[in-house]
Amino acid sequence: MRVAPHAATSSNKASPIQAQLMRLHILDDPMPEFGDHEATDDPLQVLRHSTAHLLAAAVTELYPGAKYAIGPPIENPPGFYYDFDLGKPINEADLPAIESRMRRLAQADLPFVHETLPREQAIEEFRKRGQDYKLELIADKVEGNGVSVYRTGDFLDLCLGPHVKSTRDLKAFKLQRVSGAYWRGDEKKPQLTRIYGTAWQTQKELDDYLKFLEEAEKRDHKKLGKDLKLFLVDDRVGPGLPMWLPDGATIRREIERFIVDEEIARGYKHVRTPDVARLDLYRQSGHAKLYADYMYPPMKFEDGEELELRPVACPHHIVIYQSELRSYRDLPLRLAELAGYWRYERSGVLAGLNRVRHFTLNDAHVFCTPEQLIEEVKGAIELALYFSKVLGIDEFYYEVATRDDVKEKWLGTVEQWEEAQADLMEALESMGQTYKVGVGNAAFYGPKIDFQVYDAHRREFTNSTVQIDFQLPQRFDLEYVAEDGTRKRPVMVHRGAAGSMERLFSYLIERYAGAFPTWLHPTQVVVIPITDAHHEYATEVASRLRAARLRVEIDGRPEKMQKKIREAHSRKVPYMAIVGQREADAEQVNVRDRQNREVATPLETFVSMVAAEVAERRR
RNA sequence: GCCGCCGUAGCUCAAUUGGCAGAGCAGCUGUUUUGUAAACAGCAGGUUACGGGUUCGAUUCCUGUCGGCGGCUCCA
């Protein structure tokens, strides 16, 4: 399932979260278990895998008749889980009892014993124990006559291992939460009870990790979005329909200006298209059939017209492409838009700004000749890398998402897909980038490269994406006039170089913990007059800064300076310009930055310093 | 949608086994004019998400709905 093991990094500068996780030795390797996981010798994964067995052993003791399904270590968030069929619901209040039983088993110093049983004997052992899920796994996943199992005391698990020597080696673990999970990831199959936990080699590492989780809680974009008044979700408007408050909207406007200017500089043409279209447009594109689950019911009118809120903007851009006869000389034609998308996401998946029902994508569709395709894909990747670098997306990896095995889920021919997949991989390889492969994660019209980023809690999200599409050009009968005068079919590249504004914003809030770089911060400078007597000079300072197009506030409230400093600090304002009599007399400001450095600075020096920092988008 | 948890003032949180819903911050009104992370006093603020039920009495117990959080499935 995986081609290359290493995550790509766009910058050698580690973010605070990244540094934290490196310190915590959070690793990047696949994991062992029967099922969809692979074996690894990485000691930390082995430890977590063994802790999962310990959990299952404890649960089978405490819940007679419990059936255990699968229980692998996981990378992000770091730990393990085990899925059970307990026959009755449990909740997090039940975890301490399970955890103490685990500790008792750990202290009992039980060895992890590896055995290879003849198939019939393995089946008999698990049948005797009533372990139906294991029997199903043996039937489906285990080939040959030898069945690898591990024994820990009375507990027996189907498992390739490896494991630690003894339960005694499991010293630092904690059960965290319970949730539901479908057997073999299929929502038509029974739902099992999943218990999540984390495990480390030492208590110190466990404590550090729990501390990290507390810190992650503080950076959570939903919390900071409220504290810093960046955005709002209100159920009178509707779930998954965020509203951008003035400060959030200011940051978004800066990002959008940056994006649009850069794209125009790179040869994109920006357009504007409506958020609705006739349903027939999506019948033609295939979305009405293959993307129906995410589409709102159409608006139907008396005369039979059906309008649809768009889940994607490609058909609109295609219509623009077709508005004139295109020549090979026009290609590549790169049409870009900050395009509003509407998707009916199921209620249970909505999450802050990360999963919403209306979002704006930094969208573009490149129409090009087959010969231009690789260069266009590379250009899109380079643009995404540039945006990532400037915005501070330091850590991500590429996933090449390939076709699903199920024919009903995609359009076109196997040959077209193989070619498109090979093109994406070639583009990455020619740029010296490594990637993972995600089988079955492609769009229905073609494979894609997703840029996978992590939030503060180490959950993974797709931000940027680059997709190759041979299907929509065919379905819409796109063509261009070639050099020889014949009509030929262009290829499309769909790409969201900076992802959606919503998801990008949630990422940036957590990445900077709200302390945005000066160019993005809604208030770049707060001018703080010490007494009313200094208001006049404060106004002068502010207007000098505003003349340099900086966003400035004067905190002229009749409050103590200390209080104003404290508040500006908690809003993470990059600069405070504190002005009293001394500053007014000397045409200076006393500058205090987010590191609490204080320095008396001539006013003009301060203005040009901040203006330069903003112009360079320094971070 | 499914599993588990949660919903008290704008925000953060209290409220003995069911017995008159409270504090800090924010807001408003005064007083204070201040030199580097919270001045002082007063006022106002609630159908305890919403609807049923049990009870003499429900923030508390039961139930339905809505919403949030963490997962699953899915995804920008």
When the Cα centres of segment A:156-207 and segment A:238-306 are compared, how far apart do they sit, in Å? 41
Test item: Cα-centred dipole of segment A:102-251, Lys/Arg +1 and Asp/Glu -1 on Cβ, debye: 320
Accessible area per residue of chain A at 1.4 Å probe, in Å²? 46
Assigned charges on the beta-carbon of Lys, Arg, Asp, Glu; chain A dipole about Cα centre (debye): 1560
Could you check what % of the DSSP bridge pairs in chain A are antiparallel, to the nearest 5? 85
So which of A:128/A:189; A:188/A:300; A:229/A:389; A:269/A:488; A:223/A:269; A:223/A:564 end up more than 29 Å apart by C-alpha? A:188/A:300; A:223/A:269
At a 1.4 Å probe radius, carbon and sulfur cover how many percent of the accessible area of chain A? 49
GluC sites (Glu not before Pro) restricted to DSSP loop in segment A:37-128 with at most 16 other C-beta within 10 Å: A:38
Report the Cα centroid-to-centroid distance between segment A:506-585 and segment A:51-108 in angstrom, as an integer. 53
I need to check one value: relative contact order of segment A:31-146, counting alpha carbon pairs closer than 8 Å and at least 6 residues apart, in percent. 25
Can you tell me how much longer the chain between residue A:441 and residue A:127 gets when fully stretched, taken as 0.36 nm per residue apart minus their C-alpha distance, in nm with one decimal? 109.5 nm
Value at 222 nm in deg cm²/dmol, rounded to 500, when DSSP H runs of n ≥ 4 in chain A each add -39,500 (n - 2.57): -11000 deg cm²/dmol
Taking only complete DSSP H runs, can you tell me which helices of chain A stretch 15 Å or more along their own long axis by Cα positions and average at least 0.0 on the Kyte-Doolittle scale? A:43-62, A:373-391, A:603-615
Could you give P(r) for chain A, binned at 10 Å from zero, as whole percent values over all Cα-Cα pairs? 3, 14, 21, 21, 19, 13, 7, 2, 0, 0
Straight distance only, please: which lysines reach the Cα of residue A:560 with their own Cα at less than 22 Å, same-chain residues fewer than 8 apart left out? A:572
Fraction of alpha-carbon pairs over 14 Å apart in segment A:347-391 - percent: 66
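The values are calculated or read from the model by the stated rules, or taken from the named source; none is laboratory data. None of the values given here were measured: they were computed from a predicted structure. Neighbour counts are summed over all protein chains in view; Cβ atoms, including those assigned to glycine, are modelled from backbone coordinates with ideal geometry. We work out accessible area using only protein heavy atoms, side chains counted, and drop any ligands, DNA or RNA first. Shrake-Rupley method; radii C 1.70, N 1.55, O 1.52, S 1.80 Å.
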